(Lines give C-alpha, C1' and ligand atoms only; values in the text may rest on other atoms or scores of the structure.)
Protein backbone atom coordinates (compact mmCIF):
# COMPACT_ATOMS: atom_id res chain seq x y z
CA UNK A 1 0.00 0.00 0.00
CA UNK A 2 1.34 3.40 -0.99
CA UNK A 3 1.96 5.63 2.01
CA UNK A 4 3.51 8.59 0.24
CA UNK A 5 2.95 10.35 -3.05
CA UNK A 6 5.82 10.45 -5.57
CA UNK A 7 6.31 14.16 -4.79
CA UNK A 8 6.51 13.46 -1.04
CA UNK A 9 9.10 10.74 -1.63
CA UNK A 10 11.14 13.04 -3.85
CA UNK A 11 11.05 15.76 -1.20
CA UNK A 12 12.26 13.31 1.46
CA UNK A 13 15.05 12.10 -0.84
CA UNK A 14 16.19 15.66 -1.50
CA UNK A 15 16.25 16.34 2.23
CA UNK A 16 18.26 13.15 2.82
CA UNK A 17 20.79 14.14 0.17
CA UNK A 18 21.28 17.50 1.88
CA UNK A 19 21.16 16.61 5.56
CA UNK A 20 21.83 12.88 6.07
CA UNK A 21 24.86 10.63 5.86
CA UNK A 22 23.49 7.48 4.20
CA UNK A 23 25.86 4.63 5.03
CA UNK A 24 28.28 3.64 2.26
CA UNK A 25 26.60 5.90 -0.29
CA UNK A 26 27.77 9.09 -1.99
CA UNK A 27 25.19 11.88 -2.48
CA UNK A 28 25.76 12.66 -6.17
CA UNK A 29 25.56 8.96 -7.05
CA UNK A 30 22.33 8.61 -5.12
CA UNK A 31 20.87 11.69 -6.81
CA UNK A 32 21.70 10.29 -10.24
CA UNK A 33 20.00 6.98 -9.43
CA UNK A 34 16.94 8.46 -7.73
CA UNK A 35 18.01 7.18 -4.32
CA UNK A 36 17.96 6.68 -1.41
CA UNK A 37 15.05 4.27 -1.21
CA UNK A 38 12.83 5.03 1.77
CA UNK A 39 11.22 2.09 3.56
CA UNK A 40 8.22 2.45 5.81
CA UNK A 41 7.06 -0.98 7.03
CA UNK A 42 7.91 -4.66 7.29
CA UNK A 43 6.26 -7.99 8.01
CA UNK A 44 8.09 -11.31 8.33
CA UNK A 45 10.75 -11.36 5.61
CA UNK A 46 9.15 -8.55 3.59
CA UNK A 47 9.73 -4.78 3.62
CA UNK A 48 7.69 -2.11 1.88
CA UNK A 49 8.93 1.26 0.63
CA UNK A 50 7.12 4.60 0.65
CA UNK A 51 5.76 4.03 -2.87
CA UNK A 52 4.21 0.70 -1.92
CA UNK A 53 6.81 -1.63 -3.46
CA UNK A 54 7.31 -4.80 -1.40
CA UNK A 55 10.52 -6.86 -1.42
CA UNK A 56 12.03 -9.85 0.36
CA UNK A 57 14.91 -8.71 2.54
CA UNK A 58 17.55 -11.24 1.60
CA UNK A 59 20.10 -9.69 3.96
CA UNK A 60 17.98 -9.37 7.13
CA UNK A 61 18.85 -5.66 7.14
CA UNK A 62 22.49 -6.16 8.11
CA UNK A 63 22.31 -9.82 9.19
CA UNK A 64 20.10 -8.85 12.14
CA UNK A 65 16.33 -9.22 11.54
CA UNK A 66 16.48 -12.74 12.92
CA UNK A 67 12.84 -13.04 14.04
CA UNK A 68 11.69 -10.94 11.10
CA UNK A 69 9.84 -7.66 10.82
CA UNK A 70 6.62 -6.59 12.52
CA UNK A 71 6.84 -8.50 15.82
CA UNK A 72 4.43 -6.55 17.96
CA UNK A 73 5.44 -8.56 21.04
CA UNK A 74 8.89 -6.96 21.02
CA UNK A 75 7.44 -3.49 20.57
CA UNK A 76 5.04 -4.13 23.44
CA UNK A 77 7.85 -5.33 25.71
CA UNK A 78 9.86 -2.20 24.96
CA UNK A 79 6.80 0.01 25.46
CA UNK A 80 5.95 -1.54 28.82
CA UNK A 81 9.49 -1.03 30.04
CA UNK A 82 9.44 2.58 28.80
CA UNK A 83 6.39 3.23 30.93
CA UNK A 84 8.19 1.92 34.01
CA UNK A 85 11.83 3.00 33.71
CA UNK A 86 13.96 4.20 30.81
CA UNK A 87 17.30 4.58 32.58
CA UNK A 88 18.89 3.99 35.96
CA UNK A 89 21.17 5.88 38.37
CA UNK A 90 24.91 5.41 37.85
CA UNK A 91 26.29 2.24 39.38
CA UNK A 92 22.88 0.53 39.54
CA UNK A 93 20.97 -1.72 37.19
CA UNK A 94 17.45 -2.95 36.38
CA UNK A 95 15.56 -6.24 36.45
CA UNK A 96 15.36 -6.77 32.65
CA UNK A 97 19.11 -6.18 32.36
CA UNK A 98 19.79 -8.75 35.08
CA UNK A 99 17.36 -11.23 33.52
CA UNK A 100 19.00 -10.82 30.13
CA UNK A 101 22.49 -11.44 31.52
CA UNK A 102 21.12 -14.49 33.33
CA UNK A 103 19.45 -15.78 30.15
CA UNK A 104 22.61 -15.34 28.08
CA UNK A 105 24.62 -17.28 30.67
CA UNK A 106 22.12 -20.13 30.18
CA UNK A 107 22.25 -20.22 26.37
CA UNK A 108 25.91 -19.31 25.80
CA UNK A 109 28.40 -22.17 25.37
CA UNK A 110 30.37 -23.53 28.32
CA UNK A 111 31.07 -21.37 31.35
CA UNK A 112 30.43 -18.01 29.71
CA UNK A 113 28.74 -16.45 32.69
CA UNK A 114 29.07 -12.65 32.69
CA UNK A 115 27.94 -10.04 30.15
CA UNK A 116 29.07 -6.45 29.63
CA UNK A 117 26.34 -4.79 27.55
CA UNK A 118 26.94 -2.12 24.93
CA UNK A 119 24.98 -0.18 22.31
CA UNK A 120 26.16 -2.31 19.38
CA UNK A 121 28.77 -4.56 17.82
CA UNK A 122 31.64 -2.10 17.40
CA UNK A 123 31.39 -1.13 21.07
CA UNK A 124 31.29 -4.81 22.00
CA UNK A 125 34.57 -5.38 20.15
CA UNK A 126 36.14 -2.30 21.73
CA UNK A 127 35.09 -3.66 25.11
CA UNK A 128 36.73 -7.01 24.35
CA UNK A 129 39.95 -5.24 23.31
CA UNK A 130 40.10 -3.24 26.54
CA UNK A 131 39.03 -6.17 28.66
CA UNK A 132 41.81 -8.35 27.19
CA UNK A 133 44.57 -5.90 28.02
CA UNK A 134 43.15 -5.15 31.46
CA UNK A 135 42.81 -8.86 32.22
CA UNK A 136 46.48 -9.56 31.62
CA UNK A 137 47.45 -6.66 33.83
CA UNK A 138 45.29 -8.14 36.57
CA UNK A 139 46.98 -11.54 36.31
CA UNK A 140 50.52 -10.20 36.19
CA UNK A 141 51.27 -10.40 32.44
CA UNK A 142 51.24 -6.71 31.44
CA UNK A 143 53.29 -7.29 28.27
CA UNK A 144 50.41 -9.07 26.58
CA UNK A 145 49.11 -6.16 24.51
CA UNK A 146 49.07 -7.46 20.92
CA UNK A 147 46.20 -8.91 18.91
CA UNK A 148 45.95 -11.28 15.97
CA UNK A 149 43.04 -11.17 13.56
CA UNK A 150 42.40 -12.31 9.99
CA UNK A 151 42.56 -10.77 6.56
CA UNK A 152 39.15 -10.24 5.02
CA UNK A 153 37.32 -9.95 8.34
CA UNK A 154 35.15 -7.14 9.60
CA UNK A 155 35.01 -6.35 13.32
CA UNK A 156 33.41 -2.91 13.44
CA UNK A 157 33.77 0.77 12.55
CA UNK A 158 35.43 2.26 15.63
CA UNK A 159 39.19 2.79 15.57
CA UNK A 160 40.21 -0.28 17.53
CA UNK A 161 37.72 -2.52 15.75
CA UNK A 162 38.80 -1.11 12.40
CA UNK A 163 42.41 -2.02 13.17
CA UNK A 164 41.32 -5.62 13.73
CA UNK A 165 39.41 -5.75 10.47
CA UNK A 166 41.10 -6.77 7.29
CA UNK A 167 38.41 -6.17 4.70
CA UNK A 168 38.98 -4.37 1.40
CA UNK A 169 35.34 -3.36 1.52
CA UNK A 170 36.08 -0.83 4.25
CA UNK A 171 39.33 0.96 3.31
CA UNK A 172 41.40 2.21 6.20
CA UNK A 173 43.54 4.80 4.42
CA UNK A 174 41.36 7.70 5.54
CA UNK A 175 41.83 6.76 9.18
CA UNK A 176 45.41 5.57 9.49
CA UNK A 177 47.46 5.30 11.59
CA UNK A 178 45.24 2.84 13.41
CA UNK A 179 45.77 1.14 16.76
CA UNK A 180 49.23 -0.47 16.74
CA UNK A 181 49.92 -4.02 17.78
CA UNK A 182 47.45 -5.78 15.47
CA UNK A 183 48.70 -8.48 13.10
CA UNK A 184 46.71 -10.21 10.35
CA UNK A 185 46.83 -13.82 9.19
CA UNK A 186 45.13 -15.56 6.24
CA UNK A 187 41.44 -16.31 6.20
CA UNK A 188 40.41 -20.01 6.12
CA UNK A 189 38.34 -19.66 2.94
CA UNK A 190 38.69 -22.98 1.11
CA UNK A 191 37.58 -21.59 -2.26
CA UNK A 192 40.44 -19.10 -2.36
CA UNK A 193 42.88 -20.53 0.16
CA UNK A 194 45.92 -18.29 0.36
CA UNK A 195 48.12 -21.33 0.97
CA UNK A 196 46.60 -23.38 -1.84
CA UNK A 197 44.87 -25.91 0.39
CA UNK A 198 42.69 -28.13 -1.78
CA UNK A 199 40.15 -29.20 0.86
CA UNK A 200 38.44 -27.24 3.66
CA UNK A 201 40.38 -29.25 6.24
CA UNK A 202 43.73 -28.74 4.52
CA UNK A 203 43.13 -25.01 4.15
CA UNK A 204 42.05 -24.81 7.80
CA UNK A 205 45.20 -26.60 8.99
CA UNK A 206 47.48 -24.34 6.96
CA UNK A 207 45.68 -21.19 8.13
CA UNK A 208 45.62 -22.15 11.78
CA UNK A 209 49.33 -23.00 11.57
CA UNK A 210 49.85 -19.42 10.37
CA UNK A 211 48.21 -18.20 13.58
CA UNK A 212 50.67 -20.24 15.62
CA UNK A 213 53.60 -18.99 13.58
CA UNK A 214 52.49 -15.39 14.09
CA UNK A 215 52.21 -15.96 17.84
CA UNK A 216 55.71 -17.41 17.97
CA UNK A 217 57.18 -14.69 15.73
CA UNK A 218 55.69 -11.88 17.81
CA UNK A 219 56.68 -13.63 21.09
CA UNK A 220 53.87 -15.54 22.82
CA UNK A 221 54.30 -13.51 26.01
CA UNK A 222 53.23 -10.35 24.15
CA UNK A 223 50.01 -11.68 22.58
CA UNK A 224 46.76 -10.88 24.38
CA UNK A 225 44.15 -12.42 22.11
CA UNK A 226 43.18 -13.89 18.77
CA UNK A 227 40.02 -12.33 17.30
CA UNK A 228 38.06 -14.32 14.75
CA UNK A 229 34.60 -14.44 13.22
CA UNK A 230 33.34 -18.05 13.20
CA UNK A 231 32.23 -17.35 9.63
CA UNK A 232 33.55 -14.25 7.88
CA UNK A 233 30.79 -12.46 6.00
CA UNK A 234 32.90 -9.97 3.97
CA UNK A 235 34.50 -12.97 2.23
CA UNK A 236 31.08 -14.13 1.09
CA UNK A 237 30.49 -16.47 4.02
CA UNK A 238 33.91 -18.03 4.65
CA UNK A 239 33.04 -21.31 6.37
CA UNK A 240 36.23 -22.91 7.73
CA UNK A 241 37.02 -26.60 7.75
CA UNK A 242 35.72 -28.42 10.83
CA UNK A 243 39.23 -28.72 12.26
CA UNK A 244 39.88 -24.96 12.30
CA UNK A 245 38.20 -23.84 15.51
CA UNK A 246 39.25 -26.82 17.67
CA UNK A 247 42.86 -26.28 16.53
CA UNK A 248 42.57 -22.55 17.17
CA UNK A 249 41.37 -23.29 20.70
CA UNK A 250 44.26 -25.70 21.21
CA UNK A 251 46.88 -23.18 20.03
CA UNK A 252 45.51 -20.34 22.15
CA UNK A 253 45.55 -22.60 25.21
CA UNK A 254 49.12 -23.70 24.47
CA UNK A 255 50.44 -20.14 24.50
CA UNK A 256 48.13 -18.62 27.12
CA UNK A 257 46.36 -16.44 24.56
CA UNK A 258 42.69 -15.49 24.83
CA UNK A 259 40.38 -16.68 22.05
CA UNK A 260 37.69 -14.14 21.20
CA UNK A 261 34.84 -15.14 18.88
CA UNK A 262 33.16 -12.25 17.12
CA UNK A 263 29.58 -13.53 16.95
CA UNK A 264 28.02 -10.16 16.15
CA UNK A 265 26.69 -11.57 12.87
CA UNK A 266 26.68 -15.31 13.56
CA UNK A 267 25.09 -15.25 17.02
CA UNK A 268 21.48 -15.87 18.01
CA UNK A 269 20.58 -18.59 15.57
CA UNK A 270 21.96 -17.28 12.30
CA UNK A 271 23.97 -20.45 11.54
CA UNK A 272 21.51 -23.05 12.82
CA UNK A 273 22.98 -23.05 16.34
CA UNK A 274 22.38 -20.38 18.95
CA UNK A 275 26.08 -19.46 18.57
CA UNK A 276 28.28 -20.52 15.68
CA UNK A 277 31.20 -21.85 17.76
CA UNK A 278 28.82 -24.56 18.99
CA UNK A 279 29.14 -26.24 15.58
CA UNK A 280 32.68 -27.18 16.54
CA UNK A 281 32.24 -27.71 20.27
CA UNK A 282 34.50 -24.78 21.11
CA UNK A 283 34.08 -22.39 24.05
CA UNK A 284 35.84 -19.08 23.47
CA UNK A 285 37.19 -16.96 26.32
CA UNK A 286 35.09 -14.02 25.18
CA UNK A 287 32.32 -13.60 22.68
CA UNK A 288 31.07 -10.36 21.14
CA UNK A 289 27.40 -10.12 20.18
CA UNK A 290 24.94 -7.56 18.83
CA UNK A 291 22.53 -7.50 15.85
CA UNK A 292 20.43 -10.64 16.45
CA UNK A 293 20.31 -10.11 20.23
CA UNK A 294 17.28 -7.84 19.65
CA UNK A 295 16.73 -8.67 15.96
CA UNK A 296 17.44 -5.01 15.32
CA UNK A 297 14.33 -3.77 17.10
CA UNK A 298 16.55 -1.55 19.24
CA UNK A 299 20.34 -1.11 19.35
CA UNK A 300 22.20 -3.43 21.71
CA UNK A 301 25.41 -5.46 21.92
CA UNK A 302 27.59 -7.13 24.48
CA UNK A 303 30.82 -8.84 25.41
CA UNK A 304 30.31 -12.19 27.13
CA UNK A 305 33.15 -13.68 29.16
CA UNK A 306 34.07 -16.94 30.80
CA UNK A 307 34.03 -16.93 34.57
CA UNK A 308 37.80 -17.23 34.78
CA UNK A 309 38.16 -13.94 32.90
CA UNK A 310 35.57 -11.95 34.83
CA UNK A 311 36.80 -13.29 38.18
CA UNK A 312 40.10 -11.45 37.68
CA UNK A 313 38.19 -8.18 38.13
CA UNK A 314 36.71 -9.13 41.50
CA UNK A 315 38.17 -8.48 44.94
CA UNK A 316 38.69 -4.74 45.23
CA UNK A 317 37.73 -1.44 43.65
CA UNK A 318 41.20 -1.30 42.14
CA UNK A 319 40.60 -4.63 40.43
CA UNK A 320 37.28 -3.62 38.83
CA UNK A 321 36.89 -3.14 35.07
CA UNK A 322 36.80 0.63 34.55
CA UNK A 323 34.88 0.92 31.33
CA UNK A 324 31.55 2.67 30.74
CA UNK A 325 29.08 2.61 27.83
CA UNK A 326 26.36 5.16 28.51
CA UNK A 327 23.55 3.13 27.00
CA UNK A 328 25.01 -0.30 27.78
CA UNK A 329 22.46 -2.54 29.46
CA UNK A 330 19.66 -0.10 28.73
CA UNK A 331 16.50 -1.51 30.35
CA UNK A 332 14.35 -0.97 27.26
CA UNK A 333 16.88 -2.74 25.04
CA UNK A 334 17.17 -5.55 27.59
CA UNK A 335 13.39 -6.02 27.66
CA UNK A 336 13.32 -6.18 23.85
CA UNK A 337 16.21 -8.68 23.80
CA UNK A 338 14.50 -10.96 26.32
CA UNK A 339 11.31 -11.03 24.27
CA UNK A 340 13.31 -11.58 21.08
CA UNK A 341 15.09 -14.62 22.55
CA UNK A 342 11.78 -15.93 23.92
CA UNK A 343 10.25 -15.77 20.42
CA UNK A 344 13.25 -17.56 18.93
CA UNK A 345 12.95 -20.38 21.45
CA UNK A 346 9.16 -20.76 21.42
CA UNK A 347 8.92 -20.73 17.62
CA UNK A 348 11.96 -22.90 17.00
CA UNK A 349 13.74 -20.34 14.85
CA UNK A 350 17.22 -21.72 15.46
CA UNK A 351 16.03 -25.08 14.19
CA UNK A 352 14.27 -23.39 11.26
CA UNK A 353 17.53 -21.64 10.43
CA UNK A 354 19.25 -25.02 10.15
CA UNK A 355 16.46 -26.52 7.99
CA UNK A 356 15.88 -23.57 5.71
CA UNK A 357 19.61 -22.91 5.45
CA UNK A 358 20.10 -26.42 4.09
CA UNK A 359 17.19 -25.90 1.71
CA UNK A 360 18.61 -22.59 0.50
CA UNK A 361 22.08 -24.09 0.03
CA UNK A 362 20.61 -26.96 -1.99
CA UNK A 363 18.89 -24.41 -4.24
CA UNK A 364 22.09 -22.44 -4.70
CA UNK A 365 23.98 -25.66 -5.50
CA UNK A 366 21.48 -26.37 -8.30
CA UNK A 367 22.09 -22.87 -9.67
CA UNK A 368 25.83 -23.50 -9.60
CA UNK A 369 25.33 -26.57 -11.80
CA UNK A 370 23.35 -24.43 -14.22
CA UNK A 371 25.44 -21.23 -14.37
CA UNK A 372 29.15 -21.22 -15.15
CA UNK A 373 29.68 -17.79 -13.59
CA UNK A 374 28.84 -19.18 -10.16
CA UNK A 375 32.21 -20.36 -8.95
CA UNK A 376 31.29 -21.56 -5.50
CA UNK A 377 28.44 -21.70 -3.00
CA UNK A 378 28.73 -22.41 0.71
CA UNK A 379 26.92 -21.77 3.96
CA UNK A 380 25.92 -22.74 7.44
CA UNK A 381 22.34 -22.19 8.50
CA UNK A 382 20.87 -19.03 7.03
CA UNK A 383 24.27 -17.51 6.34
CA UNK A 384 25.08 -18.55 2.79
CA UNK A 385 27.63 -17.23 0.35
CA UNK A 386 28.45 -17.32 -3.33
CA UNK A 387 31.39 -16.41 -5.56
CA UNK A 388 30.69 -14.98 -9.02
CA UNK A 389 33.57 -15.46 -11.47
CA UNK A 390 34.40 -14.76 -15.09
CA UNK A 391 36.18 -18.09 -15.45
CA UNK A 392 35.25 -21.02 -13.22
CA UNK A 393 38.42 -22.95 -14.00
CA UNK A 394 40.83 -20.15 -13.07
CA UNK A 395 38.48 -18.45 -10.56
CA UNK A 396 39.24 -15.17 -12.35
CA UNK A 397 36.82 -12.44 -11.22
CA UNK A 398 35.07 -10.04 -13.54
CA UNK A 399 37.00 -6.80 -14.14
CA UNK A 400 35.93 -3.66 -12.30
CA UNK A 401 34.55 -2.11 -15.49
CA UNK A 402 31.95 -4.89 -15.67
CA UNK A 403 30.18 -3.23 -12.70
CA UNK A 404 29.22 -6.69 -11.47
CA UNK A 405 28.07 -5.60 -8.03
CA UNK A 406 25.84 -2.81 -9.31
CA UNK A 407 24.38 -5.06 -12.04
CA UNK A 408 23.47 -7.79 -9.62
CA UNK A 409 22.16 -5.47 -6.90
CA UNK A 410 19.89 -3.67 -9.39
CA UNK A 411 18.75 -6.95 -10.91
CA UNK A 412 17.73 -8.29 -7.52
CA UNK A 413 15.98 -5.03 -6.65
CA UNK A 414 14.06 -4.98 -9.94
CA UNK A 415 12.77 -8.46 -9.10
CA UNK A 416 11.74 -7.84 -5.51
CA UNK A 417 14.78 -9.10 -3.56
CA UNK A 418 17.08 -6.90 -1.48
CA UNK A 419 20.66 -8.19 -1.73
CA UNK A 420 24.11 -6.71 -2.24
CA UNK A 421 25.68 -8.13 -5.36
CA UNK A 422 29.40 -8.56 -5.92
CA UNK A 423 32.23 -11.02 -6.54
CA UNK A 424 31.58 -12.56 -3.12
CA UNK A 425 27.99 -12.39 -1.93
CA UNK A 426 25.99 -13.15 1.20
CA UNK A 427 22.44 -14.47 1.31
CA UNK A 428 20.96 -14.24 4.79
CA UNK A 429 17.16 -13.90 5.05
CA UNK A 430 15.41 -13.72 8.44
CA UNK A 431 15.26 -16.95 10.44
CA UNK A 432 11.46 -17.06 10.07
CA UNK A 433 11.76 -17.57 6.29
CA UNK A 434 9.63 -20.31 4.72
CA UNK A 435 10.44 -22.83 1.99
CA UNK A 436 8.18 -20.91 -0.37
CA UNK A 437 10.07 -17.69 0.25
CA UNK A 438 13.37 -19.51 -0.27
CA UNK A 439 11.99 -20.71 -3.61
CA UNK A 440 11.25 -17.09 -4.54
CA UNK A 441 14.81 -16.05 -3.69
CA UNK A 442 16.32 -18.89 -5.72
CA UNK A 443 14.02 -18.19 -8.69
CA UNK A 444 15.08 -14.53 -8.74
CA UNK A 445 18.72 -15.55 -8.43
CA UNK A 446 18.33 -17.79 -11.46
CA UNK A 447 16.77 -14.98 -13.49
CA UNK A 448 19.29 -12.31 -12.47
CA UNK A 449 22.34 -14.57 -12.94
CA UNK A 450 21.05 -15.60 -16.37
CA UNK A 451 20.63 -11.98 -17.48
CA UNK A 452 23.96 -10.89 -15.97
CA UNK A 453 25.86 -13.68 -17.71
CA UNK A 454 24.19 -12.76 -21.00
CA UNK A 455 24.96 -9.05 -20.61
CA UNK A 456 28.61 -9.76 -19.81
CA UNK A 457 29.05 -12.31 -22.58
CA UNK A 458 29.76 -15.07 -20.11
CA UNK A 459 26.99 -17.57 -20.87
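A quick yes/no check of all residues on (1) at pLDDT below 95; (2) surrounded by 17 or more Cβ atoms within 10 Å (Cβ to Cβ); (3) closer than 30 Å to residue 275 by Cβ:
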{"position": "365", "(1), (2), (3)": "no, no, yes"}
{"position": "371", "(1), (2), (3)": "no, yes, no"}
{"position": "376", "(1), (2), (3)": "no, yes, yes"}
{"position": "380", "(1), (2), (3)": "no, yes, yes"}
{"position": "433", "(1), (2), (3)": "no, yes, yes"}
{"position": "443", "(1), (2), (3)": "no, no, no"}
{"position": "448", "(1), (2), (3)": "no, yes, no"}
{"position": "451", "(1), (2), (3)": "no, no, no"}
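Sort out which residues of the range 217-266 are within 21 Å of residue 160 (Cα to Cα), assigned to a loop (DSSP other than H, G, I, E, B) and at pLDDT 95 or above, and write them in order of number.
Residues satisfying the conditions are 229, 230, 231, 257, 263, 264, 265, 266.
Residue 90 - would you say it is within 30 Å of residue 6 (Cβ to Cβ) and at pLDDT below 95? Before the answer, list the steps.
Numbers: within 30 Å of residue 6 (Cβ to Cβ): no; at pLDDT below 95: yes.
No, not satisfied.
The conditions are (1) buried (at least 17 other Cβ atoms within 10 Å of the Cβ); (2) assigned to a loop (DSSP other than H, G, I, E, B), and residue 320 fails exactly one of them. Which is it?
Going through (1) buried (at least 17 other Cβ atoms within 10 Å of the Cβ); (2) assigned to a loop (DSSP other than H, G, I, E, B) one by one, residue 320 breaks only (1).
Residues in the range 112-126 that are assigned to a helix (DSSP H, G or I) and within 15 Å of residue 330 (Cβ to Cβ): how many?
From the range 112-126, those assigned to a helix (DSSP H, G or I) are 121-126; that's our starting set.
Narrowing the set further to residues that are within 15 Å of residue 330 (Cβ to Cβ) leaves 123-124.
Final tally of qualifying residues: 2.
Quick grid of which residues meet (1) touching a helix residue (DSSP H, G or I) at 6+ places or on another chain (Cβ under 9 Å); (2) at pLDDT below 95:
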site	(1), (2)
6	no, yes
16	yes, yes
58	yes, no
61	yes, no
70	no, no
77	yes, no
95	yes, no
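Keeping to the range 154-189, report how many residues are in contact (Cβ under 8 Å) with a residue 60 or more places away in the chain and not in a loop (DSSP other than H, G, I, E, B).
1
Select, from 75, 31, 16, the only residue that is more than 21 Å from residue 434 (Cβ to Cβ) and surrounded by 15 or more Cβ atoms within 10 Å (Cβ to Cβ).
Values: 75 fails: surrounded by 15 or more Cβ atoms within 10 Å (Cβ to Cβ); 31 fails: surrounded by 15 or more Cβ atoms within 10 Å (Cβ to Cβ).
Sole residue among the options that is more than 21 Å from residue 434 (Cβ to Cβ) and surrounded by 15 or more Cβ atoms within 10 Å (Cβ to Cβ): 16.
For residue 203, state whether it is in a helix (DSSP H, G or I) and either assigned by TED's automatic domain parsing to the domain that holds residue 383 or in contact with a strand residue (DSSP E or B) (Cβ under 9 Å, 6 or more places away or on another chain) (or both).
no
Somewhere in the range 392-411, is a residue in contact with a helix residue (DSSP H, G or I) (Cβ under 6 Å, 6 or more places away or on another chain), surrounded by fewer than 21 Cβ atoms within 10 Å (Cβ to Cβ) and in a helix (DSSP H, G or I)?
yes
Scan the range 447-454 and tell me whether some residue there is out of contact with any helix residue (DSSP H, G or I) (no Cβ under 7 Å at 6 or more places or on another chain) and either without any contact (Cβ under 8 Å) to a residue 40 or more places away in the chain or on the phi > 0 side of the Ramachandran plot (or both).
Pass one, the range 447-454, residues out of contact with any helix residue (DSSP H, G or I) (no Cβ under 7 Å at 6 or more places or on another chain): 447, 450, 453-454.
Checking which are either without any contact (Cβ under 8 Å) to a residue 40 or more places away in the chain or on the phi > 0 side of the Ramachandran plot (or both) leaves us with 447, 454.
So far as the range 447-454 goes, yes, one or more of its residues are out of contact with any helix residue (DSSP H, G or I) (no Cβ under 7 Å at 6 or more places or on another chain) and either without any contact (Cβ under 8 Å) to a residue 40 or more places away in the chain or on the phi > 0 side of the Ramachandran plot (or both).
Looking for something surrounded by fewer than 20 Cβ atoms within 10 Å (Cβ to Cβ) and either without any contact (Cβ under 8 Å) to a residue 60 or more places away in the chain or in contact with a helix residue (DSSP H, G or I) (Cβ under 9 Å, 6 or more places away or on another chain) (or both) - is there at least one such residue anywhere in the range 120-129?
Our first condition is that a residue be surrounded by fewer than 20 Cβ atoms within 10 Å (Cβ to Cβ); within the range 120-129, this holds for none.
No, the conditions are met nowhere in the range 120-129.
Restricting to the range 141-152, give me the number of residues that are outside any strand (DSSP E or B) and either surrounded by fewer than 22 Cβ atoms within 10 Å (Cβ to Cβ) or over 16 Å from the mean Cα position of the chain (by Cα) (or both).
Going through the range 141-152, the residues outside any strand (DSSP E or B) turn out to be 141-145, 151-152.
Now restrict to residues that are either surrounded by fewer than 22 Cβ atoms within 10 Å (Cβ to Cβ) or over 16 Å from the mean Cα position of the chain (by Cα) (or both): 141-145, 151.
Of the residues in that region, 6 qualify.
Quick check on residue 379: is it farther than 30 Å from residue 425 by Cα and not in a helix (DSSP H, G or I)?
For residue 379, the condition - farther than 30 Å from residue 425 by Cα and not in a helix (DSSP H, G or I) - is not met.
Taking residue 48 as the residue in question, decide whether it is surrounded by 14 or more Cβ atoms within 10 Å (Cβ to Cβ), modelled with pLDDT under 95 and touching a strand residue (DSSP E or B) at 6+ places or on another chain (Cβ under 7 Å).
Working: surrounded by 14 or more Cβ atoms within 10 Å (Cβ to Cβ): yes; modelled with pLDDT under 95: no; touching a strand residue (DSSP E or B) at 6+ places or on another chain (Cβ under 7 Å): yes.
No; evaluated as a whole, the condition is false for this residue.
Counting residues that are in the same structural domain as residue 307 (by TED's automatic domain parsing), which strands (runs of 3 or more DSSP E) fully inside the range 1-106 reach at least 2?
Working: elements: 39-43, 46-49, 54-57.
Filter on the range 1-106 gives an empty set.
For the structure I just gave you, tell me whether residue 325 is touching a residue at least 40 places away in the same chain (Cβ under 8 Å), assigned to a loop (DSSP other than H, G, I, E, B) and under 21 Å from residue 95 (Cβ atoms). Even if it seems obvious, please write down each step before you answer.
On the way: touching a residue at least 40 places away in the same chain (Cβ under 8 Å): yes; assigned to a loop (DSSP other than H, G, I, E, B): yes; under 21 Å from residue 95 (Cβ atoms): yes.
When the stated conditions are applied, residue 325 passes them.
Out of (1) modelled with pLDDT of 95 or more; (2) assigned by TED's automatic domain parsing to the domain that holds residue 126; (3) farther than 21 Å from residue 94 by Cα, what's the single condition that is false for residue 315?
All conditions pass for residue 315, except number (1).
The values are calculated or read from the model by the stated rules, or taken from the named source; none is laboratory data. Since this is a predicted model, take the numbers as computed values, not measurements. Please note: Cβ atoms are built from the backbone with ideal geometry, for glycine as well, and neighbour counts cover all protein chains shown.
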